[in-house]
1. Here is a check on your reading of the model: is A229 among the small types (G, A, S) and farther than 18 Å from R101 by Cα?
2. Hey, among I264, I232, I274, which residue is surrounded by 24 or more Cβ atoms within 10 Å (Cβ to Cβ) and closer than 14 Å to P60 by Cβ?
3. Looking only at residues in region 363-397 that are small (G, A, S), in contact (Cβ under 8 Å) with a residue 12 or more places away in the chain and assigned to a loop (DSSP other than H, G, I, E, B), which one is nearest to V137 (Cα to Cα)?
4. Consider region 248-264. How many of its residues are within 13 Å of the ligand (Cβ to nearest atom), of a type in the set (S, T, N, Q) and not in a strand (DSSP E or B)?
5. Tell me which of these G239 doesn't satisfy, since it passes every other one: (1) within 14 Å of the ligand (Cβ to nearest atom); (2) touching a strand residue (DSSP E or B) at 6+ places or on another chain (Cβ under 6 Å); (3) of a type outside the set (V, I, T); (4) within 14 Å of V137 (Cα to Cα).
6. For region 91-115, enumerate the residues that are within 15 Å of S297 (Cβ to Cβ) and more than 10 Å from the ligand (Cβ to nearest atom).
7. Do you know which residues across region 398-420 are assigned to a loop (DSSP other than H, G, I, E, B) and more than 18 Å from V25 (Cα to Cα)?
8. Going by what's in this entry, would A118 be described as in contact (Cβ under 8 Å) with a residue 60 or more places away in the chain, under 16 Å from the mean Cα position of the chain (by Cα) and either part of a strand (DSSP E or B) or within 16 Å of the ligand (Cβ to nearest atom) (or both)?
Amino acid sequence: MNHDESRALYDRALAVSPGGVNSSVRATQPYPFFIERGDGAAVIDADGNRYIDYVMGYGPLLFGHDQPERVRAAIQSQAADGPMYGAPTRIEVEHAEFVARHVPSVEMTRFVNSGTEATVSAVRLARGYTDRDKIVVMKGGYHGAQESTLVEGTLQDTEPSTPGIPDVFAEYTIPVPFNDFETIETVFEDYGEDIAAILTEPILANNGIVLPVDGYLEHLRELTANHGALLIFDEVITGFRVGGLQCAQGKFGVTPDITTFGKIIGGGFPVGAIGGDADIIEHFTPSGEVFQSGTFSGHPVTMAAGHASLQYAAENDVYDHVNQLGERLREGITDILADQAPNYLVVGTDSMFKTIFTKRRASSQEADVCQRGCQQRESCARYTECPKTGSDVGQAETERWERIFWQEMKDRGIFLTANQFESQFVSYSHTEEDIEKTLEVYKETI
Ligand code: PMP
């Protein structure tokens, strides 16, 4: 594969952008391939190389790179009427009505422009609503580039995870391990009266894909309710992907107080949203006192793209298609691993998938294991050793993923997320042939 053009573009980019990119995760080794265009489930780079794409923009592209005609028409027609106005439009009302109809916890929505903006606003809302300052987050969870959640450490000893954040922010954030019942109970015993909210992804999707163990989300729901704190589900990735239109909260049957959205809800355009009961969401200005505002919020082109996309998904077999192919892929990779790398593990659900290069030793007695990706099933032979927390995933062969496996898959025409941690996605444009071809390449590469 020739990458001369991408190499030359990266050389130029290094002079004008920090690290040559506009989002850190894109700076793949030794240099990224620059994308010229998308085509169905594939992307074509600046040198004309074609890759089957499972990055899918890191989640927003439910349809892949070819939108259904109706969705494309809605976007083009809205853009042709002038990009935005600074005054309300019909389409943002219709989109908010759609979300309220389908997502169990949502009556009202405030639209913003990114997942980060959504979680920043949700944290401020929770603090304003409860008049408390502390928030609890999961170690290895990700909520965007924001001060309150870029915090790491243990209960008594937290610190910002990046320079540029004053230490004082870390005093108000308590990171706990995902799926750990005891630690969260201790945290609420010690700080219950000061905790505004637990902010968690229902599935850790930025960290190898870790599903909740049985009863964990219910436990969070109960603890927060008993202590007058709010439960915030960050469904930026899982929203309108896991569980279809009801989102992960519908699939797991646990209703949070606040939900943050991003990615799919904007149909591929920059978006975020904060949804919940009217009683809570109305605390945002101007109906309430928690300040929230944005020039581009509820952008008409984004709203048109998001609304047309979700309506199309409601009326067609979109979720059946992506989930079936996701299942086939997870099943196929599970079979390949059984033969070639029994210590590795397939994770994921619905249209999300990943392989974790776990270092654990496989036993020969593993007949009863999850065949379509780890589901945290207690009767599974691997239950006690499959990753339950973010740090479990961090102990995998992360360098091998990044420096060898990812590179070799890419050279064979398969575009995966470049690190061990982030999820991969199947889109409506993927076909059975794409999946079978991908499995062939896994077989050659693993
Ligand atoms: N929350 C979650 C769960 C995410 O995965 C992300 C980004 N991948 C964000 C928030 C931040 O979203 P954005 O990159 O749109 O700011």
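The values are calculated or read from the model by the stated rules, or taken from the named source; none is laboratory data. Because the structure is predicted, anything quoted here is derived from the model rather than measured. Quick reminder, even Gly has a Cβ in these numbers, built from the backbone with ideal geometry, and neighbours come from all protein chains shown.
1. On the way: among the small types (G, A, S): yes; farther than 18 Å from R101 by Cα: yes.
In short, yes.
2. Numbers: I232 fails: closer than 14 Å to P60 by Cβ; I274 fails: closer than 14 Å to P60 by Cβ.
None of the other options fit; the residue is I264.
3. From region 363-397, those small (G, A, S) are 363-364, 367, 373, 379, 381, 390-391, 394, 396; that's our starting set.
Adding the requirement that they be in contact (Cβ under 8 Å) with a residue 12 or more places away in the chain leaves 363, 367, 373, 381, 390-391, 394, 396.
Narrowing the set further to residues that are assigned to a loop (DSSP other than H, G, I, E, B) leaves 363, 367, 373, 381, 396.
Details: S363: 34, A367: 36, G373: 25, A381: 30, A396: 22 Å.
Within region 363-397, the match that is nearest to V137 (Cα to Cα) is A396.
4. Number satisfying all stated conditions: 0.
5. Evaluating G239 over (1) within 14 Å of the ligand (Cβ to nearest atom); (2) touching a strand residue (DSSP E or B) at 6+ places or on another chain (Cβ under 6 Å); (3) of a type outside the set (V, I, T); (4) within 14 Å of V137 (Cα to Cα) leaves (4) as the failure.
6. Residues of region 91-115 within 15 Å of S297 (Cβ to Cβ): 91-93, 95-96, 99, 108-115.
The answer is I91, E92, V93, H95, A96, V99, M108, T109, R110, F111.
7. Restricting attention to region 398-420, the residues satisfying the condition of being assigned to a loop (DSSP other than H, G, I, E, B) are 412-413, 416-420.
Scanning region 398-420 gives R412, G413.
8. Details: in contact (Cβ under 8 Å) with a residue 60 or more places away in the chain: yes; under 16 Å from the mean Cα position of the chain (by Cα): yes; either part of a strand (DSSP E or B) or within 16 Å of the ligand (Cβ to nearest atom) (or both): yes.
For A118, the condition - in contact (Cβ under 8 Å) with a residue 60 or more places away in the chain, under 16 Å from the mean Cα position of the chain (by Cα) and either part of a strand (DSSP E or B) or within 16 Å of the ligand (Cβ to nearest atom) (or both) - is met.
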